[in-house]
Amino acid sequence: MTPTTTTEALPLRLHLGKVRLAAPAVAALEGGGAAQAGDAQWLVAEALALVEGLRPLTEAVKARLRTGGGLDLDVYALGDAVRAAFTETLALADAARSAARAAAAAVPGLDELGRATEEARGWTAAVLENWPRRDRPFEPLTPADREMIARSRAEIARGEGEDAGDILARLKAGGPLLRGE
């Protein structure tokens, strides 16, 4: 994984680090190393936390893109990192479920992990489908586009812009399109 900068990638790196640390525990449980119900329960709980962590992770990445990724942000590399986080987390969850089933008759949280994994599989596929990819790029910004964006950001910073929600609320209340008319 070689995403953008440490700042954009930090939440992803932390998440993937946790996933990769848990992988040997799954292998040990699968191999019958310490196939105890307590180990299976711990593994299921950890996998569930990782799966549930995907949504806030995704929101954090989206927030970074909206609020300061900058024009030079490598969205393709960031997308590769998001894809790795989704893929590896869901694979770990599947492996943990399988290992836990084999290791113990009844493991608390196993059904919940199954439901959470299937739900995450659906929405993560939608996120990835809409993420720009190297094999499906979007048009790069022209110098004129970059200049317009820079002007717009400067105007917003000076308080010259207006939130679209505020405009709609004013129009719904019967007010004018432009402020101060």
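Under the rule a/c < 1.5 gives rounded, and otherwise a/b versus b/c splits prolate from oblate, where does the stretch 139-181 land using the Cα gyration tensor? Prolate shape, in that a/c is at least 1.5 and a/b is the bigger ratio. Evaluate the relative contact order of the chain (contact order divided by residue number), counting alpha-carbon pairs under 8 angstrom at least 6 apart; express in whole percent. Contact order relative to length: 29 percent.
Applying 0.36 nm per residue to the separation of Ala60 and Glu162 and subtracting their alpha-carbon distance, the gain on full extension is 34.3 nm. For the chain, the longest principal axis of the alpha carbon atoms and the long axis of helix 6-30 meet at an angle near 20°.
Please give the helix 143-157 orientation as an angle from the longest Cα principal axis of the chain, in degrees from 0 to 90, rounded to the nearest 10. Tilt of helix 143-157: around 90 degrees. Summed over qualifying helices (DSSP H, 4 residues or more, each -39500 (n - 2.57)) and divided by its residue number, the chain shows a 222 nm mean residue ellipticity of -24000 deg cm²/dmol. Label-to-label distance for Glu181 and Leu21 is 5.8 nm, based on points extended 7 Å past Cα in the beta-carbon direction.
Multiplying the residue separation of Ala91 and Arg133 by 0.36 nm and subtracting their alpha-carbon distance yields 13.0 nm.
The length gained by stretching the chain between Arg83 and Arg115 to full extension, at 0.36 nm per residue less their Cα-Cα distance, is 9.5 nm. Within the chain, the longest run free of trypsin sites (Lys or Arg not before Pro) that sit in a DSSP loop with at most 11 other Cβ atoms within 10 Å is 1-133.
Rounded to the nearest 10 degrees, the angle from helix 37-52 to the longest Cα principal axis of the chain is 10 degrees. Taking Pro11, Pro24, Pro132 in turn, the Gaussian network model of the chain (Cα-Cα springs below 10 Å) assigns the largest fluctuation to Pro24. Going through [x] 1.00; [y] 1.30; [z] 1.15, the figure that equals Rg/Rh (Cα atoms, Kirkwood Rh) as computed for the structure here is [z]. Comparing mean-square fluctuations of Glu139, Glu88, Glu52 from a GNM of the chain with C-alpha springs under 10 Å, the top value falls on Glu139.
Which residue, Ala84, Ala150, Ala103, has the most motion in a Gaussian network model of the chain that connects Cα atoms within less than 10 Å? Fluctuation is largest for Ala150.
FYI, it's all coordinate maths here, none of it is from the lab. Since this is a predicted model, take the numbers as computed values, not measurements. Ideal geometry is used to build each Cβ from the backbone, glycine not excepted, and the neighbour counts take in all protein chains shown.
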